[in-house]
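One structure is given below, encoded as structure tokens.
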Amino acid sequence: VQLQASGGGLVQAGGSLRLSCVASGRTFKSSAMGWFRQAPGKEREFVASISRSGGTTQYADSVKGRFTVSRDDAKNTVYLSMNSLKPEDTAVYYCATSPYLSARYFSNNDMDYWGKGTQVTVSS
């Protein structure tokens, strides 16, 4: 499985971005997907996840109400829509597949395939 994240960039506080992650391989349609982020000097942390069916989602408290995760299986793509961005959202964002079917508050060790990250920078 290969994952390619895109859509990052520089945005002012209060702005919006939508990240995309395109997956190759059959695993995508049978996997719950997750988004993570890593800020400079910090450990990579969970942001959001979506179940295999797309019917359930899970969010970190820090992004709840501002970020929305979704998926389009026809395009093998998972999205992260980010609104009301804050400077503390600045990080490299990663998508990942999991061997699980349900959305949950994933740890790094729960995930089996990772994409290269995309940088999100929010200026104050």
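The values are calculated or read from the model by the stated rules, or taken from the named source; none is laboratory data. Note that the structure is predicted; figures quoted are calculated from it, not measured. Note that we place each Cβ from the backbone using ideal geometry, even for glycine, and neighbour counts take in every protein chain shown. Surface accessibility is based on the protein's heavy atoms, side chains included, excluding ligands, DNA and RNA. Shrake-Rupley method; radii C 1.70, N 1.55, O 1.52, S 1.80 Å.
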query = Just the accessible area per residue of the range 51-92, please: how many Å² with a 1.4 Å probe?
reply = 48
task = Determine which lysines satisfy two conditions relative to K86: a Cα distance under 25 Å, and not lying fewer than 8 residues away in the same chain.
result = K42, K64, K116
inquiry  = I want to check the label-to-label distance for T121 and S16. Put each point 7 Å from Cα in the C-beta direction and report it in nm to one decimal.
reply    = 2.4
inquiry  = What is the percent carbon and sulfur in the accessible area of the chain, measuring with a 1.4 Å probe over the protein chains and ignoring ligands?
reply    = 45
inquiry  = Projecting each Cα onto the charge dipole of the chain (Lys/Arg +1, Asp/Glu -1 at the beta carbon, about the Cα centre), which of A23, S81, S123 comes out farthest on the positive side?
reply    = A23
ask   = Which value, in debye to the nearest 20, describes the size of the charge dipole of the range 1-86 about its Cα centre when Lys and Arg Cβ atoms bear +1, Asp and Glu Cβ atoms bear -1, and nothing else is charged?
value = 60
query = Which residue, S49, S30, S20, has the most motion in a Gaussian network model of the chain that connects Cα atoms within less than 10 Å?
reply = S30
ask   = Per-residue accessible area for Y79 at 1.4 Å probe radius, Å² rounded to 10?
value = 30
message = I need to check one value: relative contact order of the chain, counting alpha carbon pairs closer than 8 Å and at least 6 residues apart, in percent.
response = 37
ask   = Taking N as the number of residues in the range 26-95, what is its Cα Rg relative to 2.2 N^0.38 Å?
value = 1.12
